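Asks: I am attaching a structure below and will ask some questions about it afterwards.
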Amino acid sequence: MSTRTRFAPSPTGYLHIGGARTALFSWLYARKHGGTFILRIEDTDLERSTVESVNAILEGMTWLGLEYDEGPFYQTHRFDRYKEIIQTLLDTGHAYRCYCSKEELEVLRAEQMANKLKPRYDGRCRHRSEPREGVEPVIRFRNPDEGEVVIDDCVKGRVVVKNGELDDLIIARSDGSPTYNLSVVVDDLDMRVTHVIRGDDHLNNTPRQINILKALGAELPRYAHVPMILGADGARLSKRHGAVSVMQYRDEGYLPEAVLNYLVRLGWSHGDQEVFSIDEMIELFDVQHINHSASTFNPDKLLWLNHHYLMHGDPLHVAHHLRWHLGQMGVDPTDGPDPVEVVKAQRERNKNLVDMAQSSLFFYRDFETYDEKAARKNLTEQSAPLLQSLTERLQSVPAWRTEYLHAAVEATAEAAGVKLGAVAQPLRVAVTGTSVSPPIDITLELLGREKTLARITRALQFTAKKD
Ligand code: GLU
């Protein structure tokens with residue numbers, strides 16, 4: 001039987017780091033086994049589900065490159081099918097209508113609490129044959145009384161739950177709508193899911209889901225419950241630990257492959273290897289090696305990986321992402337050097353694409369003002385004649401290429417009897433507005449003749465005005 005996995009988010013917010021990791025694990029497992037990865041949108045909670053969230057989840061999956069082979073399926077489109085299964089369960093005696101009122105259930109609960117018993121439905125409607133006037137019943141699954149449910153979880157190992165501890169779960173509300181556990185079971189069954197990989201916050205639901213599957217005579221999938229992600233303080237990862245939305249990482253200048261690499265290592269390991277290409281992840285990933293305990297989110301490591309991928313990634317690919325960030329900053333990347341060359345020049349000193357784009361803006365548009373400190377130090381009476389004589393040399397370089405540009409700066413310094421930096425640094429401030437940029441010859445080559453000369457002129461005017 002071929003492997004079929006699914007990612008089943010509830011669209012009540014953005015795609016968060018934890019969800020993305022679950023999606024990645026499911027995707028990897030399907031890819032590794034040449035199987036099928038399904039996306040299912042669990043939107044039955046009509047009050048909390050939104051179209052915006054669905055779009056945010058789809059956008060996140062696309063950005064990460066987690067392509068699904070089937071779906072997205074929407075649970076709200078499958079209500080008829082859920083009703084059909086509910087009817088089957090009623091017909092076969094695996095479910096019954098429950099007419100208990102809210103008040104009655106509250107009394108039951110209070111009694112159990114008073115007797116120090118775990119509050120649970122006692123099945124009193126199991127044998128009720130007469131409807132109650134004016135009460136729209138819910139439908140409950142008739143959980144077996146005897147025996148136990150054994151889950152051989154790929155991550156948690158063997159988990160055994162006694163049936164006596166499970167009560168009769170509501171599978172349809174009084175308006176007929178199916179509840180969460182019912183729709184998950186029907187979908188996993190219909191979609192022939194072989195491996196349910198999900199957060200361990202769902203482990204409690206699993207014995208109930210297994211009992212419903214058994215009642216339907218279905219074959220059981222394998223389960224892998226993935227431990228949660230914690231912040232550095234040991235609390236469950238949340239907004240206060242920083243970005244938790246995948247798209248926020250895009251916005252903050254991360255590459256998708258860095259996020260994927262980070263996520264795969266968050267709760268899974270292969271020896272002490274840290275860097276994994278997608279192909280390696282697919283080859284090496286195994287649910288059996290998912291960590292048994294929670295993992296701690298480490299933003300520094302993610303940043304380290306991001307820098308790694310900026311440094312070693314194909315510049316063509318990195319440039320694709322840099323263009324997007326330049327666009328976000330209102331820059332047209334065709335108004336200046338090829339972003340591929342900018343990536344090569346900038347990647348060493350920038351750990352994320354926002355910084356890279358920010359520090360490359362000067363290539364594409366004139367800056368408004370000089371960095372104050374840099375200008376005060378470098379655009380001075382002393383540097384003006386140097387820039388002036390450099391201009392003449394630059395105007396006559398045989399070609400606008402690093403070797404000639406470098407020679408022009410060097411010759412200017414030599415002629416004036418000053419160090420290279422005494423020319424290069426004022427030049428840098430003149431053309432970039434700041435005191436940091438790639439090596440000056442590369443900076444000039446990328447900036448181009450026209451912009452370079454115009455900016456030196458502007459710097460000289462600035463210096464003249466200042467005095
Ligand atoms: N919809 C559930 C959630 O977002 C996941 C259900 C499942 O994976 O079985 O938490």
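The values are calculated or read from the model by the stated rules, or taken from the named source; none is laboratory data. Keep in mind it's a predicted model, so treat the numbers as computed, not measured. No Cβ is skipped: glycine too gets one built from the backbone with ideal geometry, and neighbour counts run over all protein chains shown. Ligands, DNA and RNA are excluded from the accessible area calculation, which covers all protein heavy atoms including side chains. Shrake-Rupley method; radii C 1.70, N 1.55, O 1.52, S 1.80 Å.
Asks: What are the extents of the Cα atoms of region 95-168 along their three principal axes, in Å, largest first?
Replies: Rounded to whole Å, the extents work out to 48, 29, 20 Å.
Asks: Assigning unit charges at the beta carbon (Lys, Arg +1; Asp, Glu -1) and nothing else, what dipole magnitude in debye, to the nearest 20, does region 210-315 show about its Cα centre?
Replies: Using only the charged Cβ atoms, the result is roughly 640 debye.
Asks: What's the whole-number percent of alpha carbon pairs in region 9-81 lying beyond 16 angstrom?
Replies: Within region 9-81, distances greater than 16 Å cover 48 percent of Cα pairs.
Asks: Rounded to two decimals, what is Rg over Rh for the chain when you use alpha-carbon atoms and the Kirkwood radius? Working shown, then result.
Replies: Numbers: Rg = 31.6 Å, Rh = 26.7 Å.
Computed over Cα atoms, the ratio is 1.18.
Asks: Would you please name the chymotrypsin sites (Phe, Trp or Tyr not before Pro) within region 351-443 that are DSSP coil residues with at most 16 other C-beta atoms within 10 Å of their C-beta?
Replies: Passing sites in region 351-443 are PHE367, TRP400.
Asks: Return the whole-Å distance between the Cα centroid of region 250-296 and the Cα centroid of region 368-385.
Replies: Answer, in whole Å: 47.
Asks: OK, next. Under the Cβ-under-4.7 Å rule, which cysteines of the chain stay unpaired?
Replies: CYS100, CYS154
Asks: Next question. Could you work out how far helix 402-416 tilts from the main Cα principal axis of the chain, as a 0 to 90 degree angle to the nearest 10?
Replies: Roughly 50 degrees, rounded to the nearest 10.
Asks: Something else about it: If you project the alpha carbons of region 188-281 onto their three principal axes, what span does each projection cover, largest first, in Å?
Replies: Extents along the principal axes: 49, 33, 27 Å.
Asks: Any idea what angle helix 206-215 forms with the longest principal axis of the chain, computed on alpha-carbon atoms, 0 to 90 degrees, nearest 10?
Replies: The helix 206-215 is inclined about 50 degrees to the chain.
Asks: Could I ask something else about it? For region 59-197, what is the Kirkwood hydrodynamic radius in Å, using each pair of distinct C-alpha atoms?
Replies: After inverting the mean inverse Cα-Cα distance, the result is 17.7 Å.
Asks: Same structure, new question: Please compute the contact order of region 312-461 in relative form: average sequence separation of alpha-carbon pairs under 8 Å and at least six residues apart, divided by the residue count, as a percent. Mind showing how you got there, number by number?
Replies: Numbers: 161 pairs, mean separation 38.1, N = 150.
Reported relative contact order: 25 percent.
Asks: Taking Cα atoms of region 363-467, Rg/Rh with Kirkwood Rh, to two decimals? Walk me through the numbers before you get to the answer.
Replies: Working: Rg = 12.3 Å, Rh = 13.4 Å.
Over the Cα atoms of region 363-467, Rg/Rh equals 0.92.
Asks: Where only protein heavy atoms count, and the probe is 1.4 Å, what is the accessible area per residue for the chain in Å²?
Replies: Details: 22560 Å² over 467 residues.
Accessible area per residue, the chain: 48 Å².
Asks: How many angstrom lie between the C-alpha centres of region 387-442 and region 1-49?
Replies: 55
Asks: Quick check on region 156-290: of the DSSP beta bridges with both residues there, what percent are antiparallel, nearest 5%?
Replies: Just about 40 percent of them are antiparallel.
Asks: Place +1 on the Cβ of every Lys and Arg and -1 on the Cβ of every Asp and Glu in the chain, take the dipole about the Cα centre, and give the residue among GLN273, SER437, ILE210 whose Cα lies farthest towards its positive end.
Replies: It is SER437, whose Cα lies furthest towards the positive end.
Asks: So what are region 138-204's ellipsoid semi-axes, whole angstrom, largest first, if each one is the square root of 5 times an eigenvalue of the alpha-carbon gyration tensor?
Replies: Details: eigenvalues 98, 64, 20 Å².
Working from the Cα gyration tensor, I get semi-axes of 22, 18, 10 Å.
Asks: I'd like to compare 240-250, 21-31: which one has the highest average count of other Cβ atoms within 10 Å, and what's the full order after that?
Replies: Output ranking for 240-250, 21-31: 21-31, 240-250.
Asks: If every alpha-carbon in region 274-433 counts as one equal scatterer, what log10 I(q)/I(0) does Debye give at q = 0.13, 0.18 1/Å?
Replies: For region 274-433, the Cα-only Debye profile gives -0.80, -1.19.
Asks: Let me ask something additional. If you project the alpha carbons of region 237-307 onto their three principal axes, what span does each projection cover, largest first, in Å?
Replies: That works out to 31, 25, 17 Å along the principal axes.
Asks: Here is a follow-up. First compute the accessible area of the chain with a 1.4 Å probe, then give the percent of it belonging to carbon and sulfur atoms.
Replies: Ligands and nucleic acids excluded, carbon and sulfur reach 49 percent.
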